[in-house]
Amino acid sequence: MKIAVMGMGVAGSYLVSRLKNDHEVVGFERMDEVKHDSICAWGSIKSTMTDLCKKSGIDFEKYVVHDGKKMHVDMNNQERFQIGLHGLCTYEKLSLIKDFIKDSEVHFGVNKKLEELESEFDIIVDCTGFHRIYLPKLEQDFCLPTYEYKIEYENGVPFDDFYIKPFPHMSGYFWYFPMGKNLAHIGAGDYNKQHVEETNKFFKKYGGKVTKTVGRPIRLATPNMCKPFYKGKVVGVGESIGTVYPLLGEGIIPSMMCADIFVKNLGNNESYEKEVDEYFKIYGKVFNFIRTKLHNKFNLLRMLPDLLSIFRYMKKNEERFGMEINMRDLMKVAKA
Ligand SMILES: Cc1cc2nc3c(=O)[nH]c(=O)nc-3n(C[C@H](O)[C@H](O)[C@H](O)COP(=O)(O)OP(=O)(O)OC[C@H]3O[C@@H](n4cnc5c(N)ncnc54)[C@H](O)[C@@H]3O)c2cc1C
């Protein structure tokens, strides 16, 4: 088949690498090649990324920058605790994206119209993430604004490992993700729009040199809210159809998983939709939990069954989340 993959983020680039041997695949990216970037903190889980990258003949280990041992959690200065990490790492996300597409036809700096694509391709995959350019607009979208710096520390880093500070009512969190010896991504996403202020507060306290400033909304609306997944020749994969785990704002692995489901069901949109719905079912529950917290409607008794199923899901997938999952920590965040 002749397939256009629109957007060379993690979903699009991985998809190109997964399809290139069996189909005629052409990638398109709106950014110029020299400006091509990935607005993200570049954190993911080693074991799952290793398995996914293996399918594209790539050794993930080569891209790992920082292998986490513990995450410092700062509950708004009231309490601090640590979570043991088993696989959470940062990696060279942009280098991996480039390697996914290095032997394929990809056009940068283009903004293709749907009509142009429709006359040339059998399938057009919308991997434009938050933008969701080629699919109908969503009726009930839900996005969080984010802001991030890449910081260079000349006189030692402020933290030796991952550090996060969740905001009250689960409106978002601040993150410090180590990016090697003297670099880190610091940033925040916040429904209450304190993301820039919180990032600058940390920057003011710990200093360093800003080498990059980025920001974009992240879609937390989960796949059940992101219908339709397909229309005409267009099919959505990745954040364009809501594949972000809302509790963590984690979208890399879920978007690659979504690409795998797409490959498996290529040409059968109904079964693709069914499998995405099934795989991401729990995401809807997690989103509801966060929404009740945000709107101050959280009632522990009423929410306990959902909270328990979220806990069970994360506990069962502890390796996939790369960290120790226990109810005590989840409750601390839930009660904040
Ligand atoms: C600040 C921030 C930090 C994050 N940190 C993490 C993290 O540490 N770990 C994690 O797992 N997740 C993180 N996420 C979420 C994660 O980055 C995304 O969910 C994931 O990258 C989604 O992948 P995607 O390929 O679907 O979309 P994207 O990565 O957004 O890629 C979409 C691509 O489409 C391109 N595009 C847009 N319009 C067009 C067009 N018309 N034509 C062609 N191309 C187009 C864009 O330029 C972009 O390259 C973070 C998100 C943000 C905003």
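The values are calculated or read from the model by the stated rules, or taken from the named source; none is laboratory data. Just so we're clear, the structure is a prediction, and the values are computed from it rather than from any experiment. Note: ideal-geometry Cβ built from the backbone for every residue, glycine included; neighbour counts use all protein chains shown. Remember, those area values only see protein heavy atoms, side chains included, never the ligands or the DNA or RNA. Shrake-Rupley method; radii C 1.70, N 1.55, O 1.52, S 1.80 Å.
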(request) Hey, could you grab the Kirkwood Rh for the chain? Inverse mean 1/r over distinct alpha carbon pairs, Å, one decimal. (result) 20.5
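Mind ranking 242-253, 55-66 by how tightly packed they are, going by the mean number of other C-beta atoms within 10 angstrom, highest first?
In descending order of packing, they fall as 242-253, 55-66.
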(request) Within the set of other residues whose C-beta is less than 11 Å from the C-beta of R216, count the net charge using Lys and Arg as +1 and Asp and Glu as -1. (result) -2
(message) Can you pull out the GluC sites (Glu not before Pro) in the range 99-161 whose DSSP state is coil and whose Cβ has at most 16 other Cβ atoms within 10 Å?
(response) E139, E154
(message) Please compute the contact order of the range 251-336 in relative form: average sequence separation of alpha-carbon pairs under 8 Å and at least six residues apart, divided by the residue count, as a percent.
(response) 17
(message) I'd like to know how the range 278-336 sits against the 2.2 N^0.38 Å rule of thumb: what's its Cα Rg over that expected value?
(response) 1.11
(message) P(r) for the range 99-254, please, calculated from all Cα pair distances in 5 Å bins and given in %.
(response) 2, 8, 15, 16, 15, 14, 12, 9, 6, 2, 1, 0
(message) Need one number: % antiparallel among DSSP beta bridges in the chain, to the nearest 5.
(response) 70
(message) Could you order the peptides 14-20, 304-310 from most to least packed, using the average number of other C-beta atoms within 10 Å per residue?
(response) 14-20, 304-310
(message) Suppose all protein chains stay in the model; what accessible area per residue would a 1.4 Å probe give for the chain, in Å²?
(response) 46
(request) Using only Cα atoms, tell me the angle between helix 10-19 and the longest principal axis of the chain; keep it within 0 to 90° and round to the nearest 10. (result) 40
(request) Count charges around M1 for me, please; just the other residues with Cβ under 13 Å from its Cβ, Lys/Arg as +1, Asp/Glu as -1. (result) -1
(message) What does the extension gain come out to for E197 and M75, with contour length at 0.36 nm per residue minus their alpha carbon separation?
(response) 42.2 nm
(request) Can you send over the carbon and sulfur percentage of the accessible area for the chain, probe radius 1.4 Å, protein chains only? (result) 50
(request) With the Cα gyration tensor of the range 12-90 in hand, give its eigenvalues times 5 under a square root as the equivalent ellipsoid semi-axes, listed largest first in whole angstrom. (result) 33, 18, 10
(request) Please determine, in degrees from 0 to 90 and to the nearest 10, the orientation of helix 300-316 with respect to the longest principal axis defined by the Cα atoms of the chain, where the helix direction is its Cα long axis. (result) 60
(message) Can you return the lysines within cross-link range of K93? Criterion is Cα-Cα under 18 Å, with same-chain partners fewer than 8 residues away left out.
(response) K35, K46, K54, K55, K62, K102, K150, K181, K212
(message) Looking at the range 206-267, I'd like the Rg to Rh ratio, where Rg is from alpha-carbon atoms and Rh is Kirkwood's inverse mean 1/r.
(response) 1.14
(request) Excluding N192 itself, calculate the net charge of residues whose Cβ lies under 13 Å from the Cβ of N192, where each Lys or Arg counts +1 and each Asp or Glu counts -1. (result) -1
(message) Tell me the angle of helix 195-206 to the major Cα principal axis of the chain, expressed in degrees between 0 and 90 and rounded to the nearest ten.
(response) 60
(message) Can you tell me, using C-alpha contacts under 8 Å and at least 6 residues apart, the relative contact order of the range 201-304 as a whole percent?
(response) 25
